[in-house]
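> Here you go, one structure.
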Amino acid sequence: MQELFPSPSAGRFGRRQKRERGAKIPVTVVTGFLGAGKTTLVRRFLETPEGHGTAVVVNELGAVGIDDALVRASTDEVTLLGNGCLCCTTRSDLQIALRHLVSERETGKLPPFSRVLIETSGLADPGPILQTFATDRALGGEFFVEVVAAVVDASCGLATLDWSAEARKQVILADRLVMSKTDLCTPEAIAQLISRLTALNGHAPIHTATGGEFDPRRLIDAAPNAQPHAGFIVESGHSDGVLTFVLSEAQPLAWTPFERTMETLIALRGSDLLRVKGFLNVIGCRGPVLVQIVQHLAHPPLELASWPDADHASRLVFITRNIPQEQIRALLQAVRALTPDQTRG
């Protein structure tokens, strides 16, 4: 992990454009496995002219929302569906959220929007999401799914596709595939991943996004030969051993013991550390520190300009394979006991 560095300031969007009266609202579904880079891609999209007028529905696995707080700075309309996956436990929540967005827009409680973007949980099977739009007549009369984009992490995507049925379903059901983090891979590794993606879904074009930089039109324009999404009936069960939990602390914490704890976890159980993401209230920092870890890869920690809400407590969402939270808490406590001068961070 690397030293903290401040982030540049970001501007906010202006008013949203009204859609043509009576027209259906296009929907973009952004899917992809844990840590693939979906939120980065969505944030970059919202910063472009093509992203203006977009309402966002963010689904996170875990009781604490992190991704929605990151996206909320880019759009006025964000609905968080937490503590479950759109593919299973909260499918009805998706229907309620979409109806709520339309109702709030019509009554003037929300600015006008002309598109909805759904960012799914990393463990979500997009099939039942598509089925929702096909079987719910009310939603089908108001919305249509235009683009399903699956983001694939080039650094560990090949291995993930081998063991995760959810990751394979995300690729198979997409009409666009986006490879992220290709700058961390060799040309040979990228070629192997492309070969695997083509074998799973030979009809979807494969694009590359580095640092979230991506042609925004590819998230809003359906392919010329694309067929309407009729929906899929796919049974979804998460892989055995996948655990999700939140570690939180009310008091500011020292950076060094946390950093050493995560280095140890990555070294010993990196392949089972599926995703770690959250905000830390670090001693000596004015804004929250965004931490993101995907298996053996720790993203550079980023100090944001300000907190996304009034809650300044540290909160980290862990998604692991057979690593219980008790073991991580015990490791952090042990490292803290062995680290001198913690008050200096």
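> What FRET efficiency, computed as 1/(1 + (r/R0)^6) with R0 = 30 Å and r the Cβ-Cβ distance, is obtained for A305 and R336, rounded to the nearest 0.05?
Details: r = 28 Å, r/R0 = 0.94.
Plugging the Cβ-Cβ distance into 1/(1 + (r/R0)^6) gives 0.60.
> Each residue of the stretch 28-42 in turn: what ³J(HN,Hα) in whole Hz from Karplus with 6.51, -1.76, 1.60 and θ = phi - 60°, glycine and Pro shown as x?
Each residue's phi maps through the Karplus curve to give 10, 10, 10, 10, x, 6, 3, x, 6, x, 4, 5, 4, 4, 5 Hz.
> Using θ = phi - 60° and the Karplus curve 6.51 cos²θ - 1.76 cosθ + 1.60, what whole-Hz ³J(HN,Hα) does each residue of the stretch 241-257 get, with Gly and Pro shown as x?
In residue order, the calculated couplings are x, 7, 10, 9, 7, 10, 9, 9, 9, 7, 8, x, 10, 7, 6, 4, x Hz.
> Quick check: Cα centre of the stretch 33-58 to Cα centre of the stretch 113-169, how many Å?
Here the answer is 14 Å between Cα centres.
> Okay, moving on. When we measure straight from the Cα of K109, which lysines land under 27 angstrom away, once same-chain ones fewer than 8 places off are left out?
In chain and number order, the partners are K18, K24.
> 5 Å is the cut-off here: which amide hydrogens, built 1.01 Å from N in the peptide plane, fall below it relative to V148, excluding neighbours closer than 5 in sequence?
V29, D175, R176
> Modelling each spin label as a point 7 Å along the Cα-to-Cβ direction, I'd like the H203/A189 distance in nm, to one decimal.
3.2
> Hey, another quick one. Karplus couplings for the stretch 93-99 from phi (6.51 cos²θ - 1.76 cosθ + 1.60, θ = phi - 60°), rounded to Hz, Gly and Pro as x?
Taking θ as phi minus 60°, the curve returns 4, 4, 4, 5, 5, 5, 5 Hz for the stretch 93-99.
> In addition: Could you give the spread of the C-alpha atoms of the stretch 235-345 along their three principal axes, from largest to smallest, in whole angstroms?
46, 33, 23
> Mean separation of Cα pairs under 8 Å and 6+ residues apart, divided by the residue count of the stretch 107-229: what relative contact order is that in percent?
RCO, the stretch 107-229: 27 percent.
> Can you give me the long-range amide H partners of G278? Hydrogens built in the peptide plane at 1.01 Å from N, cutoff under 5 Å, separation of 5 or more residues or another chain.
Long-range HN contacts for G278: V291, V317.
Quick note: the coordinates plus some simple rules give every number you see, no bench work behind them. All values reported here derive from a predicted model rather than from experimental measurement. Glycine also receives a Cβ, built like all others from the backbone with ideal geometry; neighbour counts cover every protein chain displayed.
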